[in-house]
1. Give, as a single signed number, the net charge of other residues whose beta carbon lies under 14 Å from the beta carbon of Arg353, with Lys and Arg counted +1 and Asp and Glu -1.
2. Rank by packing, highest mean first: peptides 351-359, 123-131, with packing defined as the count of other Cβ atoms within 10 Å averaged across residues.
3. Mind listing P(r) for the stretch 1-159? All alpha-carbon pairs, 10 Å bins, whole percents.
4. Quick one: Karplus J couplings for the stretch 251-261, per residue in order, coefficients 6.51, -1.76, 1.60, θ = phi - 60°, nearest Hz, x for Gly and Pro?
5. Compactness ratio of the stretch 285-427: Cα Rg over 2.2 N^0.38 Å, N = residue count?
6. How long is the gain from Thr155 to Leu171 if the chain were fully straight, where each residue apart is worth 0.36 nm and the alpha carbon distance is subtracted?
7. Calculate, in nm to one decimal, what Glu148 and Arg406 gain on full extension: separation in residues at 0.36 nm each, minus their alpha carbon distance.
8. Pull up all non-local amide H partners of Leu120: gap of 5 or more, or a different chain, and H-to-H distance under 5 Å with H placed in the peptide plane.
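Any read-out appearing in this document is the output of simple, stated calculations on the displayed coordinates, not a laboratory observation. Because the structure is a prediction, the values reported are computed rather than measured. Glycine gets a Cβ as well: all are built from the backbone with ideal geometry, and neighbour counts include every protein chain shown.
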Amino acid sequence: MDGFGLQLPTIQNWSCHSCSECCTRHVVEITEEERQRIVDQGWSDDDEFTEGTPVVVRDLGPFWNRRWRLGQKPNGACVFLDEQGLCRIHARFGEPTKPLACRVYPYAFHPQGRQVSVSLRYSCPSVVENKGRSVAEQESELKEMAVEVVPAGVTQAPAPGLRRTGDLDWLPFRQFVNSLEALMTPPDVPVATKLATAVRFIDMVSEANLDRLSDQQLADFVEIICGAARSEAEVAGESADGQNPPLSAAGRLLFRMLAAQYARNDSLSNWRTGLMGRFRLLRVGTRFALGNGRIPPLQDIDQPVTFDQLEEPFGGLTPEAEEMFTRYFRVKIRGLQFCGRAFFGFGLIEGFRSLALVFPSMLWLARFMVAADGRDRLETADVAKAIELADHYHGYTPQFNRHQYRWQVAMLARGGDIRKAIDWYSR
């Protein structure tokens, strides 16, 4: 790690509060060295373990290149999670003996030239609620962690670029990233307005030919379109008169299918339900494609909620929810957790559009949970839970690395439905 600097999300706090959410929902992949260390610890002879539950399993990846993971109980929880919600490995042998993936979570490290950007996963409730020590106070621990995480030669990694890796150097690329964060920063502007403005900024970038611009010309261009995007947002807000146009018919279909990806419950135990489980997923997908009648059970919620119910206004966001969303996007943008190596090699344009679509998807999921509870107004806790559930998948499930998903994002952008979805579901 010598010669690198860390770029920290100083607006974020985090400490582990032992909620054990990460131990019940994640599949933890381990290296051969970690597997051997766990085997040598003698857990297979421990009476505390459920009979017949292996401590390590080799079933990840294709059959010709299987990889190891920690064992899981029938309910999907890690086999090392005890009745008090604590890690048995940590308790008996100390934190340094835990798998690297467990020690790093919820942090994520992404190369940025001579620096490494630090981001966080909002699937952790304490991250969402901003609970714990300031991340800035944890710099020394994070540097030690980065030594283990960041690969050798990372300074040679090219920038994600606008459309593809390598079409911009790091310096001009950072200008676009800094502008996106600046657009998401004003505390007195609703997050939906800030996000729609940032999407318009990205649309302008996508329409421009920047190949022959010098670095200075590029910097001037970024400043100009940043101002233009803000001006357009102000004009749109004045002319809207409280009316939010709905998505196009095609946009509604594409968005529903996207929202379904974030609302699903992809625990290992659910995936191993055989042919019946696959049939159930197909049936759910069909219901979302049709978009009428009752919404199928999601996240273990089985209540009579219809698709039409979620299209009604659910009230504005609370100030606390506004802060959560603003912090979420700023941390993801500054930490480069939406493009490049962190998001399947997406360029800045495609990656940010994908990130922007998380917002209406989270609000759709929050609306579903609220309606299932017999309410019609969003509360801060509803938004926090939706952020936690949706961020569990964003960038960490193979569905987002498929051609179909990229086509969905492109079509929603082409029809102006990304900004419409942001406005529509924030009512």
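1. Numbers: positive: Arg163, Arg200, Lys332, Arg406, Arg414, Arg419, Lys420; negative: Asp203, Glu207, Glu350, Asp417.
Value of the local net charge: +3.
2. Numbers: 351-359: 24.7, 123-131: 19.8.
Top of the packing list down: 351-359, 123-131.
3. 9, 34, 34, 20, 3, 0
4. x, 4, 5, 4, 5, 4, 5, 6, 4, 4, 5
5. On the way: Rg = 15.2 Å, N = 143, 2.2 N^0.38 = 14.5 Å.
Here the answer is 1.05, to two decimals.
6. Here the segment from Thr155 to Leu171 would lengthen by 4.4 nm.
7. Numbers: separation 258, 0.36 × 258 = 92.88 nm, distance 3.21 nm.
Net length gain for the segment: 89.7 nm.
8. Sorted by chain and number, the residues that satisfy this are Ala108.
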